[in-house]
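What follows is a single structure, written as structure tokens, with notes after it.
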């Protein structure tokens, strides 16, 4: 079982994947020029764990900004998570957004429609 | 008459400009420009919603420059500016202006793509965005992808662009974006 921890920067989010705890967290800004390259370690880790996960998985997306180049990678991550669910895994997806950020809420709604798994839409406290 | 990108920059920078860039568009410069925008909007006490919108739009506009700007100076040893970006704070709106070199033979396909985006209604634009998100941008390789669609969606306006011919090989692609305060 592989875990992953990537510290956030001005352009890239903090990523935590803990297979024992069943936690995947993506938090911060995701606006790199080359998103595919940035998210590759996460994909590799998820793929290598996909068949071995026995614990339920909680996925937390808490993004402040993400660019269109990241939007495709986010979809691919969600598709991978969806495939874990299809394989019999227990998956919870939390999508956090600021109360006045309708665009972030809409993005979450679009993603849940595409992958056909309901998200828990979580409003972040103001401030 | 505009002779090159530096000329265009000088003609458009003004007393309302809060962020200005003339140079080679590389990731580090994009980070600096975004930081300057954030700092200035903070100083202006701008509302979170407007800050967020400007930030989202500017990153797409800059990364569009990064991915698509052509460089007529490639054979020179010195690195010359290949892109500009200006953000003006006006009374009732912010104006973003970007400019980059484009090879003349790429204009037609790019213009068609932008025209297609501009013909779509708000709902159609959303469907188009989702379609490209789901199916990938490979089929759109010769022009605007999600970035341009997103700029159009976020501004609630049509894309305002023009091509200024510089010589037989290159033109300037100019994009003007208006965001209401």
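The values are calculated or read from the model by the stated rules, or taken from the named source; none is laboratory data. A quick note: this is a predicted structure, and the numbers were derived from the prediction, not measured. Because the Cβ atoms are built from the backbone with ideal geometry, glycine has one as well, and the counts that use them run over all protein chains shown.
Residue B:36 fulfils the conditions (1) within 14 Å of chain A (Cβ to nearest Cβ); (2) not in a helix (DSSP H, G or I) except for a single criterion, (2). Quick check on my filter: what residues within segment B:1-33 are outside any helix (DSSP H, G or I) and touching a helix residue (DSSP H, G or I) at 6+ places or on another chain (Cβ under 7 Å)? Those that are outside any helix (DSSP H, G or I) and touching a helix residue (DSSP H, G or I) at 6+ places or on another chain (Cβ under 7 Å): B:2, B:18, B:19, B:21, B:22, B:23, B:25. For segment B:102-116, the criterion of a residue being modelled with pLDDT of 90 or more, within 14 Å of chain A (Cβ to nearest Cβ) and in contact with a strand residue (DSSP E or B) (Cβ under 7 Å, 6 or more places away or on another chain) is satisfied by no position.
Matching residues to (1) within 12 Å of another protein chain (Cβ to nearest Cβ); (2) surrounded by 18 or more Cβ atoms within 10 Å (Cβ to Cβ); (3) in contact with a helix residue (DSSP H, G or I) (Cβ under 8 Å, 6 or more places away or on another chain):
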site	(1), (2), (3)
A:65	yes, yes, yes
A:76	yes, no, yes
A:79	yes, no, yes
A:109	yes, no, no
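Quick grid of which residues meet (1) away from chain B (no Cβ under 14 Å); (2) in a helix (DSSP H, G or I); (3) in contact with a strand residue (DSSP E or B) (Cβ under 6 Å, 6 or more places away or on another chain):
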position	(1), (2), (3)
A:12	no, no, no
A:16	yes, no, yes
A:21	yes, no, no
A:25	yes, no, yes
A:37	no, yes, no
A:43	yes, yes, no
A:47	yes, yes, no
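Of the set (1) at pLDDT 95 or above; (2) away from chain A (no Cβ under 11 Å); (3) surrounded by 17 or more Cβ atoms within 10 Å (Cβ to Cβ), all apply to residue B:55 but (2). The condition of being out of contact with any helix residue (DSSP H, G or I) (no Cβ under 9 Å at 6 or more places or on another chain), under 20 Å from residue B:57 (Cβ atoms) and surrounded by fewer than 21 Cβ atoms within 10 Å (Cβ to Cβ) holds for only one of A:28, A:8, A:22, that being A:28. Any chance segment B:67-77 includes a residue that's touching a helix residue (DSSP H, G or I) at 6+ places or on another chain (Cβ under 7 Å) and either part of a loop (DSSP other than H, G, I, E, B) or more than 14 Å from every other protein chain (Cβ to nearest Cβ) (or both)? Within segment B:67-77 (the criterion being touching a helix residue (DSSP H, G or I) at 6+ places or on another chain (Cβ under 7 Å) and either part of a loop (DSSP other than H, G, I, E, B) or more than 14 Å from every other protein chain (Cβ to nearest Cβ) (or both)), the answer is no, since none of the residues qualifies.
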